[in-house]
Amino acid sequence: MAKFKKNDTIGKIRATGIVPVFYNKDVELTKKVVKACYDGGIRAFEFTNRGDGAYKVFEQLIGFVREECPELALGAGTVLDAPTAAQYIQMGADFVVSPCMVEEVVPLCNRRGVPYSPGCGTVTEIAHAMELGCDLVKVFPAGTVGGPSFVKNILAPLPWAMVMCTGAVEPTEENLTAWAKSGVTAVGMGSKLFPKDLIASGDWAAVSELCRQSLAWFGKK
(Lines give C-alpha, C1' and ligand atoms only; values in the text may rest on other atoms or scores of the structure.)
Protein backbone atom coordinates (compact mmCIF):
# COMPACT_ATOMS: atom_id res chain seq x y z
CA MET A 1 0.00 0.00 0.00
CA ALA A 2 1.03 3.63 -0.44
CA LYS A 3 3.24 5.05 2.29
CA PHE A 4 1.69 8.51 2.19
CA LYS A 5 -1.90 9.69 2.39
CA LYS A 6 -3.34 11.17 -0.80
CA ASN A 7 -3.22 14.77 0.40
CA ASP A 8 0.35 14.32 1.66
CA THR A 9 1.52 13.03 -1.71
CA ILE A 10 -0.10 15.89 -3.57
CA GLY A 11 1.41 18.22 -0.99
CA LYS A 12 4.90 16.95 -1.76
CA ILE A 13 4.37 17.49 -5.48
CA ARG A 14 3.02 20.99 -4.89
CA ALA A 15 5.79 21.93 -2.46
CA THR A 16 8.72 20.98 -4.72
CA GLY A 17 7.03 21.33 -8.12
CA ILE A 18 9.34 19.07 -10.13
CA VAL A 19 8.68 15.37 -10.68
CA PRO A 20 11.45 13.44 -12.46
CA VAL A 21 10.16 10.90 -14.99
CA PHE A 22 12.48 7.94 -15.53
CA TYR A 23 12.71 4.32 -16.66
CA ASN A 24 15.59 1.89 -16.92
CA LYS A 25 15.60 -1.89 -16.76
CA ASP A 26 18.75 -1.82 -14.60
CA VAL A 27 17.58 -1.85 -10.99
CA GLU A 28 20.87 -0.70 -9.47
CA LEU A 29 21.22 2.16 -11.93
CA THR A 30 17.65 3.23 -11.23
CA LYS A 31 18.32 3.25 -7.50
CA LYS A 32 21.31 5.54 -8.00
CA VAL A 33 19.30 7.91 -10.19
CA VAL A 34 16.49 8.11 -7.64
CA LYS A 35 18.91 8.67 -4.75
CA ALA A 36 20.72 11.41 -6.69
CA CYS A 37 17.41 13.18 -7.28
CA TYR A 38 16.45 12.79 -3.64
CA ASP A 39 19.77 14.21 -2.51
CA GLY A 40 19.09 17.16 -4.83
CA GLY A 41 15.81 17.97 -3.07
CA ILE A 42 13.29 16.00 -5.14
CA ARG A 43 10.41 14.59 -3.10
CA ALA A 44 8.23 12.95 -5.77
CA PHE A 45 9.53 10.63 -8.51
CA GLU A 46 7.67 8.92 -11.36
CA PHE A 47 8.99 5.54 -12.50
CA THR A 48 7.46 4.81 -15.89
CA ASN A 49 5.99 1.46 -16.88
CA ARG A 50 7.67 1.42 -20.29
CA GLY A 51 9.63 -1.80 -20.54
CA ASP A 52 8.95 -5.52 -20.31
CA GLY A 53 8.97 -6.50 -16.67
CA ALA A 54 9.09 -2.87 -15.49
CA TYR A 55 7.04 -3.85 -12.45
CA LYS A 56 9.91 -6.10 -11.32
CA VAL A 57 12.22 -3.10 -11.21
CA PHE A 58 9.62 -1.09 -9.31
CA GLU A 59 9.13 -3.90 -6.80
CA GLN A 60 12.81 -3.73 -5.84
CA LEU A 61 12.95 0.05 -6.11
CA ILE A 62 10.12 0.66 -3.65
CA GLY A 63 11.95 -1.15 -0.85
CA PHE A 64 15.10 0.86 -1.51
CA VAL A 65 13.17 4.14 -1.50
CA ARG A 66 11.44 3.34 1.79
CA GLU A 67 14.85 2.77 3.40
CA GLU A 68 17.11 5.32 1.72
CA CYS A 69 14.69 8.07 0.64
CA PRO A 70 12.06 8.06 3.41
CA GLU A 71 10.39 11.33 2.40
CA LEU A 72 10.07 10.47 -1.30
CA ALA A 73 6.70 9.71 -2.87
CA LEU A 74 7.33 7.10 -5.58
CA GLY A 75 4.74 6.87 -8.34
CA ALA A 76 4.09 4.70 -11.37
CA GLY A 77 3.72 6.31 -14.79
CA THR A 78 2.56 5.24 -18.25
CA VAL A 79 -0.24 3.20 -16.69
CA LEU A 80 -2.84 2.35 -19.34
CA ASP A 81 -5.26 -0.03 -17.67
CA ALA A 82 -6.76 -0.85 -14.29
CA PRO A 83 -4.96 -4.19 -13.76
CA THR A 84 -1.59 -2.49 -14.19
CA ALA A 85 -2.63 0.31 -11.82
CA ALA A 86 -3.74 -2.26 -9.25
CA GLN A 87 -0.43 -4.10 -9.55
CA TYR A 88 1.61 -0.97 -8.86
CA ILE A 89 -0.68 0.19 -6.06
CA GLN A 90 -0.36 -3.23 -4.43
CA MET A 91 3.43 -2.86 -4.56
CA GLY A 92 3.22 0.51 -2.83
CA ALA A 93 2.95 3.21 -5.51
CA ASP A 94 2.15 6.57 -3.93
CA PHE A 95 0.58 7.97 -7.11
CA VAL A 96 -0.37 6.82 -10.62
CA VAL A 97 0.08 8.71 -13.90
CA SER A 98 -1.17 8.05 -17.44
CA PRO A 99 -0.47 9.79 -20.76
CA CYS A 100 -4.23 9.85 -21.38
CA MET A 101 -7.46 9.48 -19.43
CA VAL A 102 -8.16 5.86 -18.45
CA GLU A 103 -11.51 6.08 -16.69
CA GLU A 104 -11.35 2.56 -15.26
CA VAL A 105 -8.29 3.59 -13.25
CA VAL A 106 -10.07 6.50 -11.51
CA PRO A 107 -12.35 4.54 -9.11
CA LEU A 108 -9.54 2.09 -8.38
CA CYS A 109 -7.20 4.87 -7.27
CA ASN A 110 -9.93 6.75 -5.43
CA ARG A 111 -10.88 3.61 -3.55
CA ARG A 112 -7.29 3.18 -2.34
CA GLY A 113 -6.66 6.86 -1.64
CA VAL A 114 -3.96 7.13 -4.32
CA PRO A 115 -3.70 10.27 -6.51
CA TYR A 116 -4.32 9.61 -10.20
CA SER A 117 -3.09 12.09 -12.81
CA PRO A 118 -4.46 11.35 -16.30
CA GLY A 119 -3.02 13.04 -19.37
CA CYS A 120 -5.25 15.76 -20.84
CA GLY A 121 -4.84 18.17 -23.73
CA THR A 122 -7.96 20.36 -23.70
CA VAL A 123 -9.99 22.36 -21.21
CA THR A 124 -12.85 19.88 -21.66
CA GLU A 125 -10.61 16.93 -20.83
CA ILE A 126 -9.19 18.68 -17.78
CA ALA A 127 -12.66 19.58 -16.49
CA HIS A 128 -13.88 16.02 -17.09
CA ALA A 129 -10.91 14.57 -15.19
CA MET A 130 -11.65 16.85 -12.25
CA GLU A 131 -15.34 15.85 -12.31
CA LEU A 132 -14.28 12.22 -12.00
CA GLY A 133 -12.18 13.02 -8.93
CA CYS A 134 -8.67 13.57 -10.28
CA ASP A 135 -7.21 16.31 -8.08
CA LEU A 136 -3.94 16.81 -9.97
CA VAL A 137 -4.39 16.65 -13.74
CA LYS A 138 -1.50 16.02 -16.12
CA VAL A 139 -1.26 18.13 -19.27
CA PHE A 140 0.47 16.11 -21.98
CA PRO A 141 2.19 16.68 -24.30
CA ALA A 142 2.45 20.11 -22.70
CA GLY A 143 4.73 21.69 -25.30
CA THR A 144 2.56 20.57 -28.20
CA VAL A 145 -0.73 21.77 -26.77
CA GLY A 146 0.56 25.27 -26.08
CA GLY A 147 3.24 25.36 -23.40
CA PRO A 148 3.13 27.84 -20.49
CA SER A 149 0.64 30.10 -22.28
CA PHE A 150 -1.83 27.19 -22.47
CA VAL A 151 -1.64 26.73 -18.70
CA LYS A 152 -2.10 30.44 -18.07
CA ASN A 153 -5.14 30.52 -20.34
CA ILE A 154 -6.87 27.47 -18.86
CA LEU A 155 -6.35 28.72 -15.31
CA ALA A 156 -8.30 31.87 -16.13
CA PRO A 157 -11.66 30.04 -16.24
CA LEU A 158 -10.44 27.19 -13.98
CA PRO A 159 -8.37 28.92 -11.27
CA TRP A 160 -8.94 26.04 -8.84
CA ALA A 161 -7.34 23.47 -11.16
CA MET A 162 -4.07 21.81 -10.20
CA VAL A 163 -2.06 21.05 -13.32
CA MET A 164 1.16 19.06 -13.80
CA CYS A 165 2.77 19.59 -17.21
CA THR A 166 5.01 17.02 -18.87
CA GLY A 167 6.70 17.49 -22.23
CA ALA A 168 8.90 20.40 -23.36
CA VAL A 169 10.19 20.93 -19.82
CA GLU A 170 13.93 21.60 -19.60
CA PRO A 171 16.35 22.20 -16.70
CA THR A 172 17.12 25.79 -17.66
CA GLU A 173 16.33 29.05 -15.91
CA GLU A 174 14.37 30.44 -18.86
CA ASN A 175 12.23 27.34 -19.31
CA LEU A 176 11.43 26.61 -15.67
CA THR A 177 10.76 30.24 -14.82
CA ALA A 178 8.28 30.42 -17.70
CA TRP A 179 6.45 27.33 -16.48
CA ALA A 180 6.40 28.60 -12.89
CA LYS A 181 4.97 31.97 -13.94
CA SER A 182 2.19 30.21 -15.87
CA GLY A 183 0.66 29.08 -12.59
CA VAL A 184 1.32 25.39 -13.13
CA THR A 185 1.26 23.27 -9.96
CA ALA A 186 4.17 21.09 -11.05
CA VAL A 187 6.15 19.89 -14.04
CA GLY A 188 7.34 16.44 -15.00
CA MET A 189 10.83 16.24 -16.49
CA GLY A 190 12.38 13.27 -18.25
CA SER A 191 15.61 12.68 -20.14
CA LYS A 192 16.86 16.28 -20.02
CA LEU A 193 17.20 15.96 -16.26
CA PHE A 194 19.40 12.91 -16.79
CA PRO A 195 22.07 13.78 -19.40
CA LYS A 196 23.48 10.63 -20.95
CA ASP A 197 27.06 11.60 -20.21
CA LEU A 198 26.35 12.04 -16.50
CA ILE A 199 24.51 8.72 -16.28
CA ALA A 200 27.23 6.90 -18.23
CA SER A 201 29.99 8.30 -16.02
CA GLY A 202 28.03 7.80 -12.81
CA ASP A 203 28.36 11.46 -11.85
CA TRP A 204 25.51 11.36 -9.35
CA ALA A 205 26.66 14.53 -7.60
CA ALA A 206 26.14 16.40 -10.89
CA VAL A 207 22.63 14.96 -11.24
CA SER A 208 21.86 16.06 -7.68
CA GLU A 209 23.14 19.56 -8.43
CA LEU A 210 21.04 19.76 -11.61
CA CYS A 211 17.97 18.85 -9.57
CA ARG A 212 18.87 21.37 -6.89
CA GLN A 213 19.37 24.14 -9.44
CA SER A 214 16.17 23.26 -11.28
CA LEU A 215 14.16 23.47 -8.06
CA ALA A 216 15.64 26.90 -7.39
CA TRP A 217 14.73 28.11 -10.89
CA PHE A 218 11.23 26.73 -10.66
CA GLY A 219 10.77 28.53 -7.37
CA LYS A 220 10.90 31.90 -9.16
CA LYS A 221 7.28 32.95 -9.59
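The values are calculated or read from the model by the stated rules, or taken from the named source; none is laboratory data. The structure presented is a predicted model; accordingly, all values stated were derived computationally and were not measured. Neighbour counts run over all protein chains shown; Cβ positions are idealised from the backbone, glycine included. Accessible surface is based on the protein model in full, side chains and every heavy atom, while ligands, DNA and RNA are left aside. Shrake-Rupley method; radii C 1.70, N 1.55, O 1.52, S 1.80 Å.
Selection of first residues in segment 104-116 that are assigned to a helix (DSSP H, G or I) and of second residues that are surrounded by 16 or more Cβ atoms within 10 Å (Cβ to Cβ) and of a type in the set (Ser, Thr, Tyr), restricted to Cβ pairs under 9 Å at least 6 apart or on distinct chains, gives the following pairs, ordered by first then second residue: VAL105/THR84; VAL105/SER98; VAL105/TYR116; VAL106/TYR116; LEU108/TYR116; CYS109/TYR116; ASN110/TYR116. The residue of segment 1-59 that is surrounded by the most Cβ atoms within 10 Å (Cβ to Cβ), among those that are among the polar types (S, T, N, Q) and closer than 27 Å to ASN110 by Cβ, is THR9.
Taking segment 117-126 as the range and being open to solvent by less than 30 Å² (accessible area, probe 1.4 Å) and assigned to a loop (DSSP other than H, G, I, E, B) as the test, the residues that pass are PRO118, GLY121. Of all residue pairs spaced 6 or more apart or on separate chains, those with beta-carbon atoms under 7 Å, a first member in segment 33-54 that is more than 21 Å from SER214 (Cα to Cα) and a second member that is of a type in the set (Lys, Arg) and open to solvent by 30 Å² or more (accessible area, probe 1.4 Å) are GLY51/LYS25. Exactly one residue among CYS211, CYS165 is open to solvent by less than 10 Å² (accessible area, probe 1.4 Å) and under 22 Å from VAL96 (Cβ atoms), and that residue is CYS165.
With respect to (1) open to solvent by 10 Å² or more (accessible area, probe 1.4 Å); (2) assigned to a loop (DSSP other than H, G, I, E, B); (3) among the acidic types (Asp, Glu), the lone exception for ASP94 is condition (1). From (1) open to solvent by less than 50 Å² (accessible area, probe 1.4 Å); (2) in a loop (DSSP other than H, G, I, E, B); (3) out of contact with any Leu (no Cβ under 6 Å at 6 or more places or on another chain), pick out the condition that doesn't hold for ILE89. Here ILE89 clears every test but (2). Restricting attention to segment 36-58 and to residues that are within 13 Å of PHE22 (Cα to Cα) and small (Gly, Ala, Ser), the residue that is nearest to the chain's Cα centre (by Cα) turns out to be ALA44. Tell me, yes or no, whether segment 96-109 has at least one residue that is at positive phi and of a type in the set (Gly, Ala, Ser). Within segment 96-109, not a single residue is at positive phi and of a type in the set (Gly, Ala, Ser).
For ALA205, the requirement of being open to solvent by 40 Å² or more (accessible area, probe 1.4 Å), under 30 Å from ALA36 (Cα atoms) and under 19 Å from the mean Cα position of the chain (by Cα) is not met.
Among the residues of segment 66-76, the ones that are in contact (Cβ under 8 Å) with a residue 12 or more places away in the chain, surrounded by fewer than 24 Cβ atoms within 10 Å (Cβ to Cβ) and not acidic (Asp, Glu) come to 3 in all. Considering segment 151-162, the residues that are more than 13 Å from ALA186 (Cβ to Cβ) and touching a residue at least 24 places away in the same chain (Cβ under 8 Å) include one that is most open to solvent (accessible area, probe 1.4 Å), namely LYS152.
Go through segment 127-147 and report how many residues are surrounded by fewer than 22 Cβ atoms within 10 Å (Cβ to Cβ) and not in a loop (DSSP other than H, G, I, E, B). Talk me through it step by step, then tell me what you get.
As a first pass, look at segment 127-147 and keep what is surrounded by fewer than 22 Cβ atoms within 10 Å (Cβ to Cβ): 127-128, 130-133, 135, 141, 143-147.
Still in the list and also not in a loop (DSSP other than H, G, I, E, B): 127-128, 130-132, 143-145, 147.
Qualifying residue count, segment 127-147: 9.
A Cβ distance below 8 Å, combined with a sequence gap of six or more or placement on separate chains, defines the contacts here; from segment 122-136, residues that are among the acidic types (Asp, Glu) reach residues that are outside any helix (DSSP H, G or I) in the pairs GLU125/MET101; ASP135/PRO115; ASP135/MET162.
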